[in-house]
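Undergrad: Submitted below is the structure of interest, expressed as structure tokens.
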């Protein structure tokens, strides 16, 4: 407990999480307007850090080739500063994101508390809880994906294209163009699958949540003993079906990276041959060639899964819009104000 209190004071979280009322009649993304300053600052910092680390192999090759001791010290100083810069912007980012998520949850539950009780008598409580929690997590997932996944691979594409083009424009366009092609193929395949399976995931999530609520209600109602085994069997079947849906979705999304992996392997081989020829013709020094290939290979993870990142944004947007639509159609607030 003392350790937690120490970190809470160290990061200054107490009194810095701001809650704002969410208007569900406005578009879902308007909730960001209260936190845009902190989020934009985090984006700027992430851009600077990713440019620095993405170009680092080429920077090191340049320093070693030209033997600049001064720049070795500069790189060391920058490395010493990056943990402090990263920590400062993460603290600010977490405050903003936490405030955004709690604003959404608070406003949603406030709406359902104030709504006319007759509407609750005709709706399933478990479904309400499932939709709220799913939308709150969706905001976190969308924001994290944009800042820590989409932004990095966009920067890496730019760095690859510019870095290779400095030594050969045609190779630069080939390297950058191949990554763009990989992103497009990955995004299209992911979105096609998402449109067909995410609605099933949402429906099964609602069913699972409703079953969990019913299980707790049964304990409170002390149902007859002959009904309990039947309900337990229903719980098992629901969990088995939820597991089947989850496993199918995970496997389906992973399958979409199969073709991009093949394309990347082919492009890497072609680039390797072209760079090798530049070395043989003495148009490119060995350290620089190694740095260029390192920059390209380091983009593999982000590029291959780029479609998954974009799909997560699309799918999570649908989860948020699902809650907004549900609230707008749920019923009128009759709680006295």
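Undergrad: When the Cα centres of segment 61-106 and segment 133-181 are compared, how far apart do they sit, in Å?
TA: Taking the Cα centre of each part, segment 61-106 and segment 133-181 sit 18 Å apart.
Undergrad: For the pair residue 240 and residue 258, how long in nm is the line joining their label points, each one 7 Å along Cα→Cβ?
TA: The answer from the label model is 2.8 nm.
Undergrad: Could I ask something else about it? Would you mind listing how long segment 12-170 runs along its three principal axes, going by Cα atoms, in whole Å with the largest first?
TA: 77, 41, 24
Undergrad: To the nearest 0.05, what FRET efficiency results for residue 314 and residue 133 with a Förster distance of 22 Å applied to their C-beta separation?
TA: Values: r = 20 Å, r/R0 = 0.89.
E between residue 314 and residue 133, to the nearest 0.05, is 0.65.
Undergrad: Here's another thing I want to ask about it. What is the Cα coordinate range of segment 14-68 on the first, second and third principal axes, sorted by size from largest, in whole angstrom?
TA: Principal-axis extents of segment 14-68 (Cα, largest first): 60, 29, 11 Å.
Undergrad: Once the piece of chain linking residue 14 and residue 41 is laid out straight, how much longer is it, given 0.36 nm per residue of separation minus the C-alpha distance between them? Could the numbers behind the result be given before it?
TA: On the way: separation 27, 0.36 × 27 = 9.72 nm, distance 2.10 nm.
Using 0.36 nm per residue and subtracting the Cα-Cα distance, I get 7.6 nm.
Undergrad: Given a Förster radius of 56 Å and the C-beta distance between residue 77 and residue 109 as r, what FRET efficiency does 1/(1 + (r/R0)^6) yield to the nearest 0.05?
TA: Working: r = 49 Å, r/R0 = 0.87.
It comes to 0.70.
Undergrad: Hey, rough spin-label estimate for residue 265 and residue 180, points 7 angstrom out along Cα→Cβ, what's it come to in nanometres?
TA: 2.6
Undergrad: Show me the ranking of peptides 70-77, 56-63 by mean Cβ neighbours inside 10 Å, starting with the highest.
TA: Order by mean packing, descending: 56-63, 70-77.
Undergrad: Grab the beta carbon distance between residue 67 and residue 290, set R0 = 25 Å, and tell me the FRET efficiency rounded to 0.05.
TA: Values: r = 17 Å, r/R0 = 0.67.
Efficiency computed from Cβ-Cβ geometry: 0.90.
Undergrad: Separate question: Students often check this: by mean Cβ neighbours within 10 Å, which of 156-168, 36-48 ranks highest, and how do the rest follow? Don't skip to the end; give the middle numbers.
TA: Values: 156-168: 19.2, 36-48: 15.6.
With the highest mean Cβ count within 10 Å placed first, the list reads 156-168, 36-48.
We did not get these values from a lab; they are worked out from the coordinates using the rules stated. Note that the structure is a prediction, hence the values are computed from the model and not measured. Neighbour counts are summed over all protein chains in view; Cβ atoms, including those assigned to glycine, are modelled from backbone coordinates with ideal geometry.
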